[in-house]
1. Out of everything in region 327-351 that is open to solvent by less than 90 Å² (accessible area, probe 1.4 Å) and farther than 19 Å from Gln108 by Cα, what residue ends up being modelled with the highest pLDDT?
2. Could you list, ordered by first residue, the pairs with Cβ atoms under 8 Å in which the first is in region 284-296 and at negative phi and the second is small (Gly, Ala, Ser) and surrounded by fewer than 24 Cβ atoms within 10 Å (Cβ to Cβ), at least 6 apart or interchain?
3. Looking at this structure, is Lys255 touching a helix residue (DSSP H, G or I) at 6+ places or on another chain (Cβ under 8 Å), within 16 Å of the ligand (Cβ to nearest atom) and open to solvent by 70 Å² or more (accessible area, probe 1.4 Å)?
4. Spot the failing condition for Gln16; the list is (1) over 23 Å from Glu287 (Cβ atoms); (2) of a type in the set (S, T, N, Q); (3) surrounded by fewer than 18 Cβ atoms within 10 Å (Cβ to Cβ), and only one is missed.
5. Please give the number of the condition Leu44 fails out of (1) outside any helix (DSSP H, G or I); (2) more than 16 Å from the ligand (Cβ to nearest atom); (3) of a type outside the set (Lys, Arg); (4) crowded, with 19+ Cβ neighbours inside 10 Å.
6. Under the condition of being within 13 Å of the ligand (Cβ to nearest atom) and over 21 Å from Pro7 (Cα atoms), which residue from region 269-295 is surrounded by the fewest Cβ atoms within 10 Å (Cβ to Cβ)?
7. Any idea which residue in region 71-126 is modelled with the highest pLDDT, counting only those that are loosely packed, with under 15 Cβ neighbours inside 10 Å and either on the phi > 0 side of the Ramachandran plot or of a type in the set (Phe, Trp, Tyr) (or both)?
8. Are there any pairs with C-beta distances below 6 angstrom linking a residue in region 297-319 that is without any contact (Cβ under 8 Å) to a residue 40 or more places away in the chain to a residue that is exposed (fewer than 10 other Cβ atoms within 10 Å of the Cβ), with the two at least 6 apart or on different chains, and if so which?
Amino acid sequence: MKHLIDPTDLTVEETQEIIDLALDIIANRAKYSEKCKGKKLATLFYEPSTRTRLSFTAAMMELGGNVLGFADAASSSVSKGETVRDTVRVVENFADIIAMRHHIEGAQLAATEVSRVPIINAGDGSHAHPTQTLTDLLTITRELGRLDNLTIGFCGDLRFGRTVHSLIKAMSRQKGIKIVLIAPPQLRLPDYIKQDVCDRLGLEYKEVDTLEEAMPELDVLYMTRVQKERFLDEDEYEAVKDSFVLDCDKMKLAKEKMAVLHPLPRVNEILEEVDADPRAAYFRQVENGKFVRMALISSLLDWKDDPKHEMPVEEEVEVPDNLRCENKKCITRNEKSPRRAYRASDGSLRCRYCDHKFK
Ligand code: NCD
């Protein structure tokens with residue numbers, strides 16, 4: 001059975017299959033209106049969301065299926081102390097597929113350990129957001145006609161921005177990709193992405209201090225919101241919140257054919273004056289999110305009993321008894337969990353659930 005917890009759970013071919021299916025859905029909407037008739041999607045959202053949850057809901061409705069779930073963990077049994085694994089053991093009796101968002105990192109991977117139905121990660125803390133990545137890949141395809149040979153600028157909160165982490169991972173598997181990182185020192189990309197994704201896979205990247213410097217060479221500019229809710233200290237947030245703002249003057253420095261993406265919501269990192277620029281793709285990106293989720297839901301349901309579509313097999317490394325994941329927001333620190341690890345390129349042990357180190 002195939003779940004989508006990390007973008008690399010899908011092979012490059014499966015990813016392309018989903019994008020191609022989304023393009024076919026866009027071209028032939030009526031053909032898919034009963035594709036998931038009689039099927040149910042459960043949306044379990046333990047963390048606030050507007051577009052992602054509505055996008056999943058609209059996607060399943062357009063496939064002729066039904067949706068149930070909760071948008072607020074306070075109204076579910078979670079508030080009584082139920083574990084993620086138990087919640088999934090219950091919900092799998094009511095739904096054919098589950099989309100889950102959680103503030104605890106690795107919660108969805110834990111869910112896959114017990115689930116009899118496909119689990120989709122709709123965002124786990126500041127870790128990963130693979131359905132946003134599929135949305136981004138479809139958007140880049142539609143805006144620029146390709147996924148390879150691109151220079152992509154990532155700007156804003158590269159530390160806590162889960163959409164950035166997942167898109168870089170997915171892009172590391174394409175040819176001819178160059179990455180330009182534009183972030184204040186406090187919000188730089190986590191080491192595990194730099195070392196174990198960029199360095200290990202030979203993805204070229206550089207860090208620059210200003211948007212002006214980066215603009216002329218970019219094919220894609222991926223803007224992000226500073227993730228206020230992930231800061232432990234309000235002053236730290238205040239100090240960086242307006243570090244980079246995209247306006248029409250900066251757009252003048254960009255190529256004529258390029259695309260500005262943003263997973264939304266924006267706060268003030270893109271001025272409204274940019275919205276009228278034909279290169280501003282972020283509202284088209286929202287609609288692509290619905291189409292790609294239609295393609296994903298229907299593929300995961302179709303693939304469920306097909307041995308050709310299994311999860312990648314990962315080597316498990318034994319973790320010494322005295323070590324635990326350093327990340328307080330990891331599922332292993334919040335619910336009874338096995339400790340699962342892989343060996344990073346620098347030889348250290350990293351947590352399979354959240355990619356942080358063991359200490
Ligand atoms: C993003 C998220 O939730 O990580 N939004 C989304 O899924 N559309 C980005 C964000 O919240 O800034």
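1. Leu349
2. Here the result reads Lys290/Ala58, each pair linking region 284-296 to a residue that is small (Gly, Ala, Ser) and surrounded by fewer than 24 Cβ atoms within 10 Å (Cβ to Cβ).
3. Considered against the rule, which asks whether it is touching a helix residue (DSSP H, G or I) at 6+ places or on another chain (Cβ under 8 Å), within 16 Å of the ligand (Cβ to nearest atom) and open to solvent by 70 Å² or more (accessible area, probe 1.4 Å), Lys255 comes out as no.
4. (1)
5. (2)
6. Step one: of region 269-295, the residues within 13 Å of the ligand (Cβ to nearest atom) are 269-270, 282-283, 285-290, 292-293.
The next check asks that each one be over 21 Å from Pro7 (Cα atoms); those that pass are 269-270, 283.
Values: Glu269: 19, Ile270: 24, Phe283: 10.
Only one residue tops the list, namely Phe283.
7. So the residue we want is Phe94.
8. As it stands, the answer is none, since no pair meets every condition given.
The values are calculated or read from the model by the stated rules, or taken from the named source; none is laboratory data. Nothing here was measured: the structure is a model prediction, and the numbers come from that model. Reconstructed Cβ throughout: ideal geometry from the backbone, glycine too, with neighbour counts over all protein chains shown. What goes into the accessible areas is simple: the full protein's heavy atoms, side chains included, and nothing from ligands, DNA or RNA. Shrake-Rupley method; radii C 1.70, N 1.55, O 1.52, S 1.80 Å.
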